[in-house]
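Before any comments, here is the structure.
The values are calculated or read from the model by the stated rules, or taken from the named source; none is laboratory data. Computed from a predicted model, the values in this text were never measured in an experiment. With ideal geometry, Cβ positions are generated from the backbone for all residues, glycine too; neighbour counts draw on all protein chains shown.
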Amino acid sequence: MARRAQEFPVLHEGRPATLSWGETAIRLFDRKSFALFHTFPDPTQIEVSLVGEVLTLTDGIESVSVSGDGVPTGDVAAGFEVASRPLRSDMHMPIATASFIAGRDIVETLGIVSGSSTVSSEAFGSLRRGAGATSGRVQRYEQDLSTARRMAFAGMREQASVGGADAVISVSVSHDTVGIDAAFVLVTAVGTAVRLQ
């Protein structure tokens with residue numbers, strides 16, 4: 001059984017919000033409307049840093065920064081655990097669209113790695129037809145696509161890690177509609193796994 005998500009009151013861009021995390025995702029909500037601001041789909045890959053009273057969470061692709069509202073931000077960081085183990089405090093495997101990692105020499109090329117994820121294209125279809133093209137619908141679709149990209153990157157990193165890689169270079173991302181009536185968008189990330197000196 002999944003453990004109940006933990007929640008802390010925080011400030012996000014000066015607005016009251018709730019930082020919530022559990023075993024399957026970390027989310028930042030507006031406290032009043034619970035409108036979704038941000039989701040990290042893989043809590044075990046989050047780097048947590050505390051500078052002054054600002055807590056920053058990043059998965060290497062996107063980041064959010066919050067400050068304490070009701071509890072000290074340091075207490076939030078100290079209590080930040082998922083699945084009964086502390087979150088990673090080191091930056092995970094770098095990926096790059098370039099054919100190199102700045103400041104590091106490539107000593108071995110291990111091969112092609114990939115990751116993929118899907119997102120419903122219903123919102124996109126509504127936008128294309130001009131029906132219900134509200135800012136909220138656009139924002140939700142953008143968030144869904146962003147989440148799908150992060151999950152594709154996470155899958156690619158996992159495959160590279162299993163093979164002993166230190167980084168993934170020459171990464172490309174594609175978005176293709178699939179399924180009956182193009183019901184889903186398939187997001188695929190492909191790159192070259194390498195070992196670094």
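Taking first residues from segment 84-111 that are in a loop (DSSP other than H, G, I, E, B) and modelled with pLDDT of 85 or more and partners that are exposed (fewer than 14 other Cβ atoms within 10 Å of the Cβ) and small (G, A, S), the Cβ contacts under 9 Å between residues at least 6 apart in sequence or on separate chains come to A96/A102; T97/S172.
As a summary of the residue check, S174 satisfies the conditions (1) free of Cβ contacts under 8 Å to residues at least 40 places away in the same chain; (2) on the phi > 0 side of the Ramachandran plot; (3) among the hydroxyl-bearing types (S, T, Y) except for the one numbered (2). Taking A148, is it modelled with pLDDT of 85 or more, among the small types (G, A, S) and buried (at least 16 other Cβ atoms within 10 Å of the Cβ)? No, not satisfied.
Selection of segment 165-176 for residues being among the small types (G, A, S) and closer than 21 Å to G103 by Cβ yields A165, A167, S170. Inside segment 44-62, residues that are more than 21 Å from Q143 (Cα to Cα) and part of a loop (DSSP other than H, G, I, E, B) make up a count of 2.
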